Structure formats: structure tokens, C-alpha cells
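A short worksheet on the structure shown next.
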Amino acid sequence: MSRLSRLWPAALAGILAAALGLGVAELLAGLLNRGITPVLAVGEAVIELSPTWLTEWAIETFGTADKAVLIGGVVLVLAVFAEAIGVLAVRHRRAGMLAAAALGVVAGIAVWSRPDAVPYDLLPVVAGAGAAVLALPPLARRAAAESAGQRAGADPTLEPVDATPAVPQARTDRRAFLQAAGVTAAAAVVAGAAGQLLGGRRRAVEASRTDVDVALPRPLPTAEPVPGADLEVDGGEPWLTPNDDFYRIDTALSVPLIHPDDWQLRVHGMVDQEVVLGFDDLVALGLVDRWVTLCCVSNSVGGNLIGNALWTGVRVSDVLGLAGPHADADAVLSTSHDGWTCGTPLDVLTDGRDSIFAVGMNGEPLAVEHGFPVRMVVPGLYGYVSATKWVVDLEVSRFDEITAYWTSRGWSARGPVKVSSRIDVPRSGAAVPSGQVAVAGVAWAQHRGIEAVEVRVDGGPWQKADLGEVPSSDTWRQWVWHWDAAEGRHDLEVRAITADGEEQTGTERPPAPDGATGWHGVSVTVQG
Ligand SMILES: Nc1nc2c(c(=O)[nH]1)N[C@H]1C(S)=C(S)[C@@H](COP(=O)(O)O)O[C@H]1N2
Ligand SMILES: [Mo]
């Protein structure tokens, strides 16, 4: 028997451990509904890292099958590594486990480098790699015994000298190995198939996003910043936040997957008549397009839990109008498909501002992670008291009768956005050349509007910045200040003033219970 053919049990052990890892990863990815599996993430990373000529060649050569070819390639490369790891593990158990864990780390990096990655996206990789690493030693041990049996059976010089014949022992070793292999393979297939099945739901809902686009009373608009809004300062953040870069905050470990055909909104409580709307009923009420900057109460001073988008949807007041809220009601409790709740002042939803049930975001149907098929967007309030994603229920009520998810955890029942401002350029710690330096960033006080932004250097006098255009008071406003920078270390600070005359306070407070305050500052070194 050749040396090479004696390696097959070890190689198979490696392949099976990897298959089990993949299966477990698929299963968890399917359970999380994120529509991304470690294999897909690695594939995406490969595309990302490939030179353009290569990706173009692949698209030309493989056409619509390019993704399948890519995934096949990833699996093939993994199989080669897995065989090598199996062979390694038969000799050095520990080294094999380490190598398998290293592959897991590579996949983890690929998952983490996705633009919309959240920590629990790593769960499938961690569980998959864990399963592979743990399955490897018992498989390798049995593979080693099986190879030893082959060797003993084939090579008379290795025949034991005592009376016990080698062949029966080799038989039990073989049986033990094949049993372990069979169990592992079955587990891998079952987990992988279950993952595929669960992933299928995500794919079906993704497909229905395209249908929504077609079924709306009119096409979604093309989202482009209003003229003059984006000051386009080098290194600054865009005025329009691309959907892929839009921050995401929710309590949903597994994102709700709702087909628009199954979606309903029930409006009840202190109303003249209960109303139930399907998706088509809702959009038939008429669509508006509105720029609104959404921000999170957990955003710390200088933080980036904020984004600006063109939302397309139906006015909340139009929906409430169908139900007829009672005069003594002052709150609306909205509930998401997964049971998250938030309480919003009734007057904010009916005072004429553009509070909407959004179905579109920057000219696309809502992303599943951002609340598909319908979410709320309310200008002027933090997300935790207004921006219910996957919204399915509105109860008109009174603040003294409701508790919502975050308010029951100590956050304030009311959450109007506090006037804030941020320096984006230069970054803190940056080194800049002396002379003219563009200091730039954003300021926001949704639904009140930004009247002025001021910058000061080293605690000196406040100086007025130039402001970008805005379509309404509901969005953030870009600003830029041209600084004649002298050599040395300098501290820059920013503050904003609202259109109704409130000056942003410099008093520092943490996000809890109703939003952080304080001026954002950066320290920079100006070089001669
Ligand atoms: N169903 C649901 N909706 C939710 C939340 C949530 O946890 N569940 N979080 C809210 C919070 S705290 C914020 S800041 C915004 C964030 O919206 P985004 O993820 O689309 O940026 O959604 C709000 N809507
Ligand atoms: Mo939030």
C-alpha cells in the first residue's frame, strides 16, 4: 500500500471536520436571518481583494454563474486546506486544531469586514469553527488507527509478533473510523440543509423587495443630495448617507422576515374606529419623499449613530386620520413584528411635520435590516421613541398608561433630539500642514433647524462657520470653517445654534437617559 493512499483517512477526517463546520455555520446563519454565510463573506472578500481585470474577466467568462463559480472556488480551496489540516492533525492533534481555528479567524475577518457587520454576525463563524476544531481530534484519532491498521495489514515487517492477528483489529479500527465519519457527514448535511432552508426565507423576502419596487403606485425617486447640501470637503462624511453605511440599531438578534403580502398594520386603542391596513392599502394613501436625519439617543458626543436619507412613505397623520384618535389621547405605542415597542407623542405625529411610514430609503425599498417592509420615521425625535422598524401595530393611548421597551429600562419617555454638532475634518490626532485648513463637519437639531455653527481654537473666541444648504429643518447641516493654522498643537471645538435660538450647551452629559450633551472637540498637530 502506497504512502499516499494511506493518507486518505486523515484527509477525509479533515474534510469531514470542515464540512461539519460549514454545516453548523450555515445553520446559524440561517437562524440569524442575515442572508450572509461565512462562505459568502469569504467570497465577497475575494472579490474585494481581486484586481478589477480579474473580476471583469470572471464576470465575462462565467456570466450570471460567476457567484456560483466563486463560491465553488471558496469551498474547493477550503477542501484542500481541510485535507492538509486532517493530515496534520493525525500527526499533531494540537497543530491541526490550531490550523482549523486559523481558518475560522480568516473567515471571521471576512465577515467582520462587511460594511454592515454587527458583532453577532460572527456567531456562525465562531460556532462553525468551534465545531470543526472539536470534531477534528476524535476523527483524527480514528483516522490514525485506521491508517495504522492498513499499515499493519499490508506490511509484514510491522505484523505484531504476538498471537493477536492484526486484521481483526484493523477491521474494528476501520469500522470505528467509518462510523465516526458517517455520523459527522450526516450531521454536516442535516445542519447545512436546515441552514439552506432557513436561508431560503431570507432569499424569498429579498426577492419581494424587488416586487415592492414594481408594485408601488409610482417608482421610488432617485436619491441625490439637494444642490449645495454636500460641501464635499476632503475626508468629510457625505450629506446623503448611503444605505450600506447607515448605522443600524435594534434588539433583533434574528431580523424579522416579513413578506409585504403578509404585512398588516393595526391601528387601535383610543380611536373612533379600529383600522387594519395591508401593504397595498397603505401605499394607496399616497407617497411622499422626505429628507430626514435619523439619530440614536445612544450616540455619544462626536459619535456616528446618525444618518441622513431620503425616505419615501405615507404620512402617519393620514393613517391616524382613518382611525380618529380621541381628544384625551396623548401617546401612540407602536409595536414591531418582533415585539419591540416605543411610545411617541401623538401631537408630534399629527402637528404637520413629516412623520411617515417609510417603505423606501434613498430610492430603494427598505433594507430588511432597516425595517422592511414598513418602518416609522419621525423628524425631531431619537429613534428609540419614534423609528419603529417592521412596524405592525399602533395603539393610540396615554403616556401614563404605556411603557415601551427602552422607557421600561430607565430611558426617558420623551426623546426630542438635542442640538448637536460634530467635527469630521480634521480627525482628532491628525497632523495637518500650517496655513489654510478646512475644518468641517455636521450639525443637527431636527425639526428646529440649524441657524449657525461656531468653531473655536484653544478656547479662543467663537468664529462663524459657513453652512451648507438644507431642504428643510429636518436634516443635518454641513458646515466648514477656514482656519489659518499656525504651527503647534491645537484644540478645536464646535457648537451649534438652532433656528429657534438655542445655543448648544457645553455641559457634558452621557447618553442616558435622554441624549448626550457637550461640545465635540479634536486635537490636531499643525506642522510647519
Ligand atoms: N423594531 C425595532 N425598531 C427599532 C429599534 C429596535 O430595536 N427594534 N431600535 C430603534 C432605535 S434605538 C434606533 S436609533 C433606530 C435605528 O434605525 P436604523 O437601524 O434603521 O438606523 O431604530 C429604532 N427602531
Ligand atoms: Mo437608538
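Computed from the coordinates by the stated procedures, all read-outs in this text should not be read as laboratory data. Not measured: the values here are computed from a predicted model. As a convention, Cβ positions derive from the backbone with ideal geometry for all residues, glycine included, and neighbour counts pool all protein chains shown.
Brief remarks follow.
- Taking Cβ atoms as reference points and 15 Å as the exclusive limit, the residues near G286 contribute a net charge of -2, counting Lys and Arg as +1 and Asp and Glu as -1.
- Length released on extending from E469 to R489, taking residue separation times 0.36 nm less the Cα-Cα span: 4.0 nm
- Estimated D of the range 1-131 in µm² per second, where Rh is the Kirkwood radius over Cα pairs and Stokes-Einstein applies at 10 °C, 1.306 mPa s: 102
- Annotation: for a label point projected 7 angstrom from Cα along Cα→Cβ of A204, residues of the range 254-279 with backbone N closer than 12 Å are 257-262.
- For the listed peptides 224-230, 464-470, 494-500, 376-382, a ranking on the average number of other beta carbons within 10 Å per residue, highest first, reads 376-382, 494-500, 464-470, 224-230.
- Once the Cβ-Cβ distance of S434 and L98 is raised to the sixth power relative to R0 = 56 Å, the FRET efficiency obtained is 0.65.
- Sorting 207-220, 30-43 by average packing, meaning the other beta carbons within 10 Å per residue, from highest down gives 30-43, 207-220.
- Taking every full run of DSSP H in the chain, the ones that stretch at least 20 Å from end to end by Cα along their long axis and average 0.5 or higher on the Kyte-Doolittle scale are 8-32, 66-91, 93-112, 123-154.
- Euclidean distance of C-alpha centroids, the range 339-398 and the range 13-53, integer Å: 34
- Taking label positions 7 Å along the Cα-Cβ direction at both E232 and V118, the computed distance is 3.5 nm, reported to one decimal.
- Neighbour counting of Cβ atoms within 10 Å sorts the residues W8, W53, fewest neighbours leading, into W53, W8.
- Gain on full extension, evaluated as 0.36 nm per residue between A185 and T350 minus their Cα-Cα distance, stands at 53.5 nm.
- J(HN,Hα) series, the range 244-249, from Karplus relation 6.51 cos²θ - 1.76 cosθ + 1.60, nearest Hz, glycine and proline x: 5, 9, 5, 4, 10, 9
- Spin-label proximity, H268 to the range 363-399 - amide N less than 16 Å from point 7 Å beyond Cα toward beta carbon: 392-398
- 5 angstrom amide H check on S298, placed H, neighbours 5+ away: none
- Inter-site label distance for Q169 and D211 at 7 Å from Cα along Cβ, in nm: 6.4
- Stokes-Einstein diffusion coefficient of the range 344-482, Kirkwood radius over Cα pairs, 4 °C, 1.567 mPa s, in µm²/s: 73
- Annotation: amide H-H contacts under 5 Å for L366 (H modelled 1.01 Å from N, sequence separation of 5 or more, or interchain): G360, M361.
- Within the shell defined by Cβ-Cβ distances under 12 Å, the residues around G460 carry a net charge of -3, with Lys and Arg each +1 and Asp and Glu each -1.
- Förster radius 25 Å - calculated FRET efficiency between V288 and A499, Cβ distance, rounded to 0.05: 0.65
- A Cβ-based charge dipole, computed about the Cα centre of the range 385-461 with Lys and Arg at +1 and Asp and Glu at -1, lands at about 160 debye.
- Extension gain from D66 to S412, taking 0.36 nm per residue of separation minus the Cα-Cα distance: 119.5 nm
- Between S254 and W462, the modelled labels are 5.1 nm apart [label points 7 Å from Cα along Cα→Cβ].
- Each DSSP beta bridge with both residues in the chain is either parallel or antiparallel, and the antiparallel ones are about 90%.
- Protection-proxy order for peptides 100-111, 437-448, 195-206, each taking the mean of Cβ atoms within 10 Å per residue, highest first: 437-448, 100-111, 195-206
- Each part gets one Cα centre, and for the range 177-196 versus the range 103-130 those centres are 22 Å apart.
- Under a model in which nothing but the beta-carbon of Lys, Arg (+1) and Asp, Glu (-1) is charged, the chain shows a dipole of about 2840 debye around its Cα centre.
- Taking only the C-alpha atoms of the chain, Rg followed by Dmax gives 29.6, 100 Å.
- Farthest towards the positive end of the charge dipole of the range 301-391, among the residues V301, S317, L333, is the Cα of V301, using unit charges on the Cβ of Lys, Arg, Asp and Glu.
- Efficiency of FRET from Cβ geometry, L322 and A84, R₀ 56 Å, rounded to 0.05: 0.30
- For V332, residues with placed amide H under 5 Å, excluding near neighbours: T344, L346, S397
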